[in-house]
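Participant: One structure coming up, written as structure tokens, with questions to follow.
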Amino acid sequence: MNPQDGYIQYIINPKSGASSGKWLVSQFKDHLVEKGFEVRIEFTKSLEHACEIATKAAVDYQCALVIGAGGDGTLREILHGLEGTNKLFMPVPSGTENLLANELGFDLHLHTLVNAFEAGCIKPLDIGMVNDQCFMSIAGFGFDGAVIDRISHNRTGHISHLTYFWPIWRTFWEHDFPAVRVVVDDKEIFNDRGLVFVGNTSRYAIGLSICKNADFGDGLLDVCIFRCHDQAHLIGHSINVIFKRHTKSKNAIYAQGKSIQVTPVDSTVFCQVDGDPGPQLPANIKVIPQAIQVLVPPGAKPAGLRTRLKRIIG
Ligand SMILES: [Mg+2]
């Protein structure tokens, strides 16, 4: 990309992320300015505002690239605004989890961003829809939906991994594992008590590869279901996920499809999308194939649990 191609719209969520993320956001901006690019910065005031800025940039032919700096919620709304246009997108990870940026091969190093920008390697990205809410990474139904619901009642701004500890702990003891019915491409594949994950990306929180075969550009969503009746089951499944043997369990179902329905059988089932509260169930889930064109670091792979632990330890 050349400075003559147009300006770069740099959308920043000023509330997201730790200081390391903020450093990365400003360093990359400085790098682009040094290279002679016109960088127009806008700070988001809300998730809706992030979508509005992106929509405006998407229809401006003078805009050559939209960069989104924020966590998964911010990036999701920016991509929602770009969907259906051919505007090129690039993420700068600066949230807590950065599920999408991680899946695309980004990390928190400036050289990775520079490499992606200069190599010009473009990949198509699908978007998932749960009812009228879109998601880029994973929609979860059941236990993790209940955890996010609990967090959302107290959340004020940026959260860290520590924020999740008590909500997970309390939900773990109080959760009663309600039953759900799951239909994939018109075929019922599950009707029991359990946890359901629908993934556009292979990695989930802390790098766990729950929807391990997911490809974000293949026009399909991956479905991973755990039959789970109590806390002991949940611990068993969690251990299997950590050791990447969860899909071999007789109490797990793995499928792929274009249209998925998740319906509660008797009591309320909570849903989360990309770590934010999702819509009320029943959920009608669809995929918008290759909705976005994204700049990615060439040859980069998503970081898994081990890599991420190493990064934390240093
Ligand atoms: Mg896919």
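Participant: Of everything in the range 243-262 that's farther than 17 Å from Leu221 by Cα and touching a strand residue (DSSP E or B) at 6+ places or on another chain (Cβ under 7 Å), which residue is farthest from the ligand (Cβ to nearest atom)?
Facilitator: Asn251
Participant: To continue, here is another question. Kindly indicate whether any position in the range 298-311 is at pLDDT 95 or above, within 21 Å of the chain's Cα centre (by Cα) and within 21 Å of Asn213 (Cα to Cα).
Facilitator: No: zero hits.
Participant: Here are some conditions: (1) crowded, with 22+ Cβ neighbours inside 10 Å; (2) touching a residue at least 40 places away in the same chain (Cβ under 8 Å); (3) closer than 18 Å to Phe216 by Cα. Glu77 meets all but one. Which one does it not meet?
Facilitator: Here Glu77 meets the rest and fails (2).
Participant: Could you say which residue among Gly207, Gly199 is within 19 Å of the chain's Cα centre (by Cα), modelled with pLDDT of 95 or more and either within 23 Å of Ala300 (Cβ to Cβ) or within 16 Å of the ligand (Cβ to nearest atom) (or both)? It would help to see each step written out before you state the result.
Facilitator: Values: Gly207 fails: modelled with pLDDT of 95 or more.
Exactly one of Gly207, Gly199 is within 19 Å of the chain's Cα centre (by Cα), modelled with pLDDT of 95 or more and either within 23 Å of Ala300 (Cβ to Cβ) or within 16 Å of the ligand (Cβ to nearest atom) (or both), namely Gly199.
Participant: Scan the range 218-226 and tell me whether some residue there is over 30 Å from Gln293 (Cβ atoms) and either in the same structural domain as Glu174 (by TED's automatic domain parsing) or within 16 Å of the ligand (Cβ to nearest atom) (or both).
Facilitator: Yes, the range 218-226 contains a residue that is over 30 Å from Gln293 (Cβ atoms) and either in the same structural domain as Glu174 (by TED's automatic domain parsing) or within 16 Å of the ligand (Cβ to nearest atom) (or both).
Participant: Regarding Phe141, is this residue more than 13 Å from Gly275 (Cβ to Cβ), away from the ligand (no atom under 16 Å from the Cβ) and more than 23 Å from the chain's Cα centre (by Cα)? Before the answer, list the steps.
Facilitator: Working: more than 13 Å from Gly275 (Cβ to Cβ): yes; away from the ligand (no atom under 16 Å from the Cβ): yes; more than 23 Å from the chain's Cα centre (by Cα): no.
So Phe141 fails the test.
Participant: Here's a check for you: in the range 126-163, which residue that is under 25 Å from Gly194 (Cβ atoms) and without any contact (Cβ under 8 Å) to a residue 40 or more places away in the chain is surrounded by the fewest Cβ atoms within 10 Å (Cβ to Cβ)?
Facilitator: His153
Participant: Limited to the range 167-223, what total is found for residues that are of a type in the set (Asp, Glu) and touching a Leu at 6+ places or on another chain (Cβ under 9 Å)? Lay out the reasoning, then the answer.
Facilitator: Going through the range 167-223, the residues of a type in the set (Asp, Glu) turn out to be 174, 176, 185-186, 188, 192, 215, 218, 222.
Now drop any that are not touching a Leu at 6+ places or on another chain (Cβ under 9 Å), which leaves none.
Here the count works out to 0.
Participant: Right, next: If the requirement is being within 16 Å of the ligand (Cβ to nearest atom), surrounded by fewer than 19 Cβ atoms within 10 Å (Cβ to Cβ) and over 16 Å from the mean Cα position of the chain (by Cα), which of these qualifies: Lys123, Lys187, Lys212? Spell out the reasoning first.
Facilitator: Details: Lys187 fails: within 16 Å of the ligand (Cβ to nearest atom); Lys212 fails: over 16 Å from the mean Cα position of the chain (by Cα).
Unique residue meeting the criteria: Lys123.
Participant: Here are some conditions: (1) within 21 Å of the chain's Cα centre (by Cα); (2) away from the ligand (no atom under 16 Å from the Cβ); (3) surrounded by fewer than 18 Cβ atoms within 10 Å (Cβ to Cβ); (4) on the phi < 0 side of the Ramachandran plot. Asn240 meets all but one. Which one does it not meet?
Facilitator: Among (1) within 21 Å of the chain's Cα centre (by Cα); (2) away from the ligand (no atom under 16 Å from the Cβ); (3) surrounded by fewer than 18 Cβ atoms within 10 Å (Cβ to Cβ); (4) on the phi < 0 side of the Ramachandran plot, the lone unmet condition for Asn240 is (1).
Participant: Take the residues in the range 87-125 that are under 20 Å from Leu32 (Cα atoms) and touching a Gly at 6+ places or on another chain (Cβ under 6 Å); name whichever of them is modelled with the lowest pLDDT.
Facilitator: Ser94
The values are calculated or read from the model by the stated rules, or taken from the named source; none is laboratory data. Just so it is clear, the structure is predicted and the values come from calculations on it, not from any experiment. Using ideal geometry, Cβ is built from the backbone for each residue, glycine included, and neighbour counts are taken over all protein chains shown.
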